[in-house]
């Protein structure tokens with residue numbers, strides 16, 4: 001092959017690589033949500049997908065693929081062609097916690113996915129029933145110190161951010177609770193209101209209506225600072241436990257190997273809609289803090305939380321086979 005032909009081949013290859021990004025998207029984009037409809041992951045996914053569709057005329061097909069603690073949906077995403085037409089919403093549990101929680105995981109979140117951008121983060125809120133004798137975090141911890149193990153805290157399940165936030169609180173404060181895991185938030189909420197358990201580490205969306213309705217008392221949030229939707233509720237970090245931070249984040253990812261130009265386009269458009277007031281208001285109404293940012297920033301957080309939560313899972317002894 002002559003020099004002229006070599007240059008022509010290189011130019012053709014460069015054009016072929018650039019064309020998909022220039023024309024993207026040329027067909028509907030599949031967005032996998034690895035959890036059931038109505039939860040925090042689903043709300044974040046549909047909020048941004050609807051706004052991208054509205055402003056760009058892109059077509060998103062949102063598919064809820066729950067199962068195995070969010071692993072099933074992520075597995076489907078990583079096994080899809082890396083062409084930008086299959087995306088997934090990942091979050092703290094299935095990307096940072098599950099690798100340590102499950103003996104065998106069908107994907108490596110650090111190798112098999114390309115982060116696009118973070119969407120939102122949300123704290124866990126520690127709640128008690130409105131008629132509880134515990135008026136504050138200090139009251140709850142004092143009771144646990146007086147009678148180790150007598151104070152119960154519910155969570156939506158072993159290995160969830162809610163469960164591990166409770167483990168972190170015990171370690172930070174030196175108290176002993178009795179953990180009561182449930183299969184989801186609904187029954188935990190019922191038992192809290194019925195007096196079967198004394199406290200509940202809940203996601204904000206699961207508890208917010210009951211808090212605003214006066215049936216639950218929020219005594220602390222697990223983020224480094226107070227939640228905008230509940231400014232009157234103190235953060236654990238400001239209650240004598242500096243540095244305490246246990247939040248759930250949600251972000252958009254693609255299969256590893258997705259063209260960099262496509263990742264860049266998706267990142268730019270996602271950051272654009274995250275600045276829109278109605279999007280920010282919708283996400284804030286669920287107790288979330290809008291994030292955005294670069295793919296590199298998301299990748300850095302994922303690596304840090306992968307190590308952080310892996311250590312906490314190991315120390316807690318939580319396992320799912």
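Brief remarks follow.
- Search result, residues across segment 138-155 that are under 28 Å from residue 41 (Cα atoms) and buried (at least 23 other Cβ atoms within 10 Å of the Cβ): 153, 154, 155
- The criterion of being at positive phi, part of a loop (DSSP other than H, G, I, E, B) and buried (at least 20 other Cβ atoms within 10 Å of the Cβ) holds for residue 159.
- Filtered by the rule that a residue be more than 15 Å from the chain's Cα centre (by Cα), part of a helix (DSSP H, G or I) and closer than 19 Å to residue 318 by Cβ, segment 78-128 gives 100, 101.
- Of the residues making up segment 265-275, those that are exposed (fewer than 15 other Cβ atoms within 10 Å of the Cβ) and either in contact (Cβ under 8 Å) with a residue 40 or more places away in the chain or assigned to a loop (DSSP other than H, G, I, E, B) (or both) number 1.
- When 104, 135 are checked against the criterion of being surrounded by fewer than 17 Cβ atoms within 10 Å (Cβ to Cβ) and assigned by TED's automatic domain parsing to the domain that holds residue 306, 104 stands alone in meeting it.
- Only one entry in 84, 70 is under 23 Å from residue 157 (Cα atoms), in contact with a helix residue (DSSP H, G or I) (Cβ under 8 Å, 6 or more places away or on another chain) and surrounded by 19 or more Cβ atoms within 10 Å (Cβ to Cβ), namely 70.
- Note on segment 122-132: residues that are modelled with pLDDT of 95 or more and either surrounded by 22 or more Cβ atoms within 10 Å (Cβ to Cβ) or within 27 Å of residue 41 (Cα to Cα) (or both) amount to 5.
- Given (1) out of contact with any helix residue (DSSP H, G or I) (no Cβ under 7 Å at 6 or more places or on another chain); (2) touching a residue at least 24 places away in the same chain (Cβ under 8 Å); (3) over 18 Å from residue 318 (Cβ atoms), number of the condition residue 188 does not satisfy: (3)
- Close pairs from segment 291-314: first touching a residue at least 40 places away in the same chain (Cβ under 8 Å), partner part of a helix (DSSP H, G or I) and surrounded by fewer than 19 Cβ atoms within 10 Å (Cβ to Cβ), Cβ under 6 Å, at least 6 apart: 292/271
- Being closer than 21 Å to residue 139 by Cα and surrounded by 18 or more Cβ atoms within 10 Å (Cβ to Cβ) is a description that applies to residue 223.
- Taken together, 133, 66 contain a single residue that is assigned to a loop (DSSP other than H, G, I, E, B) and without any contact (Cβ under 8 Å) to a residue 24 or more places away in the chain, which is 133.
- The residues of segment 300-315 that are closer than 25 Å to residue 258 by Cα and crowded, with 16+ Cβ neighbours inside 10 Å, listed by number, are 301, 302, 305, 306.
- Test: residue in segment 33-46 that is modelled with pLDDT of 95 or more, surrounded by fewer than 17 Cβ atoms within 10 Å (Cβ to Cβ) and in the same structural domain as residue 88 (by TED's automatic domain parsing): no
- Test for residue 73: is it assigned to a helix (DSSP H, G or I) and in contact with a strand residue (DSSP E or B) (Cβ under 7 Å, 6 or more places away or on another chain): yes
- Taking segment 276-286 as the range and being surrounded by fewer than 15 Cβ atoms within 10 Å (Cβ to Cβ) and either out of contact with any helix residue (DSSP H, G or I) (no Cβ under 9 Å at 6 or more places or on another chain) or over 29 Å from residue 226 (Cα atoms) (or both) as the test, the residues that pass are 277, 281.
- Residue 253 satisfies every condition listed in (1) farther than 23 Å from residue 107 by Cα; (2) buried (at least 18 other Cβ atoms within 10 Å of the Cβ) except (1).
The values are calculated or read from the model by the stated rules, or taken from the named source; none is laboratory data. It should be emphasised that the depicted structure is a prediction, and the values quoted were computed from it without experimental measurement. Neighbour counts run over all protein chains shown; Cβ positions are idealised from the backbone, glycine included.
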